[in-house]
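Here's the structure we're looking at; comments come further down.
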Amino acid sequence: MLNKILLDLTPYNGRLVAVTKTRTLDVIMELYNNGQRIFGENRVQELVEKEATLPKDIEWHMIGHLQSKKVKNIASFVDCIHSIDSVKLLKVVNKEASKHDRTIDVLLQFKIAEEESKYGFELETAKSFLNSDLFDELKNVRICGVMGMATFTNDETQVRQEFKNLKSIFDQLKKEHFEVDSNFKEISMGMSGDYLIALEEGSTMVRVGSLLFN
Ligand SMILES: *Cc1c(COP(=O)(O)O)cnc(C)c1O
């Protein structure tokens with residue numbers, strides 16, 4: 001399904017994060033040999049093991065909930081963390097990145113689903129952080145945009161509304177805090193079941209797993 005997904009992305013200039021959690025190294029190498037270079041994992045341990053073995057030109061994205069105490073395990077190599085859901089976590093990422101003399105790309109995750117279990121910032125919390133001095137002090141993280149997960153439902157109207165909501169959060173933050181920052185440009189939304197809707201609503205990066213292997 002890789003080629004079909006890439007074709008779907010083309011008119012939107014979207015990028016594919018190939019989600020390879022629980023998949024074997026062989027399976028990842030098959031995608032790699034077909035040209036895929038951005039891979040996403042949701043567990044630190046798995047990410048660390050795969051990065052150690054696979055080709056060095058892979059761009060590794062951490063997409064799952066990240067505990068502060070585990071940031072140090074990925075700080076030397078991770079290219080983008082989609083799941084920044086608290087100021088505390090962002091501070092830890094900044095500190096660990098600085099130890100490696102790196103700047104790590106991050107996305108702020110927002111709660112857009114109705115399910116209680118989904119992690120993410122409340123808009124007001126994010127805004128007050130972006131208005132604080134702390135924001136300017138964190139030199140080793142580059143905030144590149146936002147990420148969100150829609151409710152797991154067949155109700156397309158609801159999913160579309162949640163994606164619209166994330167797009168509007170992106171637009172507000174862009175206007176109020178990142179107007180002159182060209183790095184702030186990513187909207188990470190859309191998975192196997194809803195990536196086409198996400199693209200229609202402004203996604204720039206889809207995170208697709210299961211469908212790749214159908
Ligand atoms: C697993 C996962 C995905 C991909 O889900 P699929 O439905 O398999 O495409 C996307 N984002 C996150 C955060 C995930 O954990």
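The values are calculated or read from the model by the stated rules, or taken from the named source; none is laboratory data. A quick note: this is a predicted structure, and the numbers were derived from the prediction, not measured. Glycine gets a Cβ as well: all are built from the backbone with ideal geometry, and neighbour counts include every protein chain shown. Each accessible area value is taken on the protein alone, full model and side chains, heavy atoms only, with ligands, DNA and RNA left out. Shrake-Rupley method; radii C 1.70, N 1.55, O 1.52, S 1.80 Å.
Just one of the numbered conditions (1) more than 11 Å from the ligand (Cβ to nearest atom); (2) closer than 19 Å to residue 121 by Cβ is not true of residue 200; which one? Unmet for residue 200, out of (1) more than 11 Å from the ligand (Cβ to nearest atom); (2) closer than 19 Å to residue 121 by Cβ: (2). Taking into account only those residues within segment 155-194 that are over 17 Å from residue 130 (Cβ atoms) and among the charged types (D, E, K, R), which is nearest to the ligand (Cβ to nearest atom)? The extreme case among them is 194. Can you find a residue that is touching a residue at least 60 places away in the same chain (Cβ under 8 Å), of a type outside the set (Phe, Trp, Tyr) and within 24 Å of residue 208 (Cβ to Cβ) anywhere in segment 133-144? Scanning segment 133-144, I find at least one residue that is touching a residue at least 60 places away in the same chain (Cβ under 8 Å), of a type outside the set (Phe, Trp, Tyr) and within 24 Å of residue 208 (Cβ to Cβ), so the answer is yes. Go through segment 80-113 and give me each residue that's in contact (Cβ under 8 Å) with a residue 40 or more places away in the chain, part of a loop (DSSP other than H, G, I, E, B) and surrounded by fewer than 22 Cβ atoms within 10 Å (Cβ to Cβ). If the condition is that a residue be in contact (Cβ under 8 Å) with a residue 40 or more places away in the chain, part of a loop (DSSP other than H, G, I, E, B) and surrounded by fewer than 22 Cβ atoms within 10 Å (Cβ to Cβ), then 113 is the only one that fits.
Residue count for segment 175-198, restricted to those that are open to solvent by less than 50 Å² (accessible area, probe 1.4 Å) and closer than 16 Å to residue 105 by Cα: 6.
Quick check on segment 178-188. Is at least one of its residues farther than 21 Å from residue 5 by Cα, under 19 Å from the mean Cα position of the chain (by Cα) and either outside any loop (DSSP other than H, G, I, E, B) or hydrophobic (A, V, I, L, M, F, W, C) (or both)? Yes, segment 178-188 contains a residue that is farther than 21 Å from residue 5 by Cα, under 19 Å from the mean Cα position of the chain (by Cα) and either outside any loop (DSSP other than H, G, I, E, B) or hydrophobic (A, V, I, L, M, F, W, C) (or both). Within segment 150-164, restricting attention to residues that are assigned to a loop (DSSP other than H, G, I, E, B) and over 17 Å from the mean Cα position of the chain (by Cα), the residue that is surrounded by the fewest Cβ atoms within 10 Å (Cβ to Cβ) is 154.
Find all pairs meeting these conditions: Cβ atoms under 6 angstrom apart; at least six residues apart or on different chains; first residue within segment 61-76 and in contact (Cβ under 8 Å) with a residue 40 or more places away in the chain; second residue polar (S, T, N, Q) and surrounded by fewer than 21 Cβ atoms within 10 Å (Cβ to Cβ). So the pair list comes out as 63/42; 64/42.
Looking only at segment 133-149, residues that are open to solvent by 60 Å² or more (accessible area, probe 1.4 Å) and touching an Asp or Glu at 6+ places or on another chain (Cβ under 8 Å) come to 1 in all.
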